[in-house]
Amino acid sequence: MENTSTETGDVKKKEIAYHPEKCVGCLLCASVCSLLYDKRVNPLKARIKIVRKNYITSKIYTTPECTFCGQCAEICSYEALELIKHAS
């Protein structure tokens, strides 16, 4: 696991763990995110960002607007994203 982002709520803390070594760059996560929040498929508008260099994913991160809904992790077939829920 390279890094994580977190959100603290009243009841639960959610975290998205990134595994860029598993990412194939299909952008399905970014597509579902943009469809959910921007009402159209546009990975550039997604709250999850995939950085690739020479066909290899070097970094995955979320923007400050990310709500940690977990849709990106749920849709990822390669387990490059993982939603972790912690009880507080």
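All of the numbers you see were taken from the coordinates with simple rules; none came from a lab. Given the structure is predicted, the values throughout are model-derived calculations rather than measurements. Note that we place each Cβ from the backbone using ideal geometry, even for glycine, and neighbour counts take in every protein chain shown.
Summary of computed values
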read-out	value
Longest segment of the chain lacking GluC sites (Glu not before Pro) that sit in a DSSP loop with at most 16 other Cβ atoms within 10 Å	3-64
Region 6-88: trypsin sites (Lys or Arg not before Pro) in DSSP coil with no more than 14 other Cβ atoms inside 10 Å	Lys39, Arg40
Largest-first principal axis extents of the Cα set of the chain (Å)	41, 30, 21
Total charge dipole magnitude, the chain, about the Cα centre, Cβ charges on Lys, Arg, Asp, Glu only, Debye to nearest 20	280 debye
Cβ-isolated cysteines (cut-off 4.7 Å), the chain	Cys23, Cys26, Cys33, Cys66, Cys69, Cys76
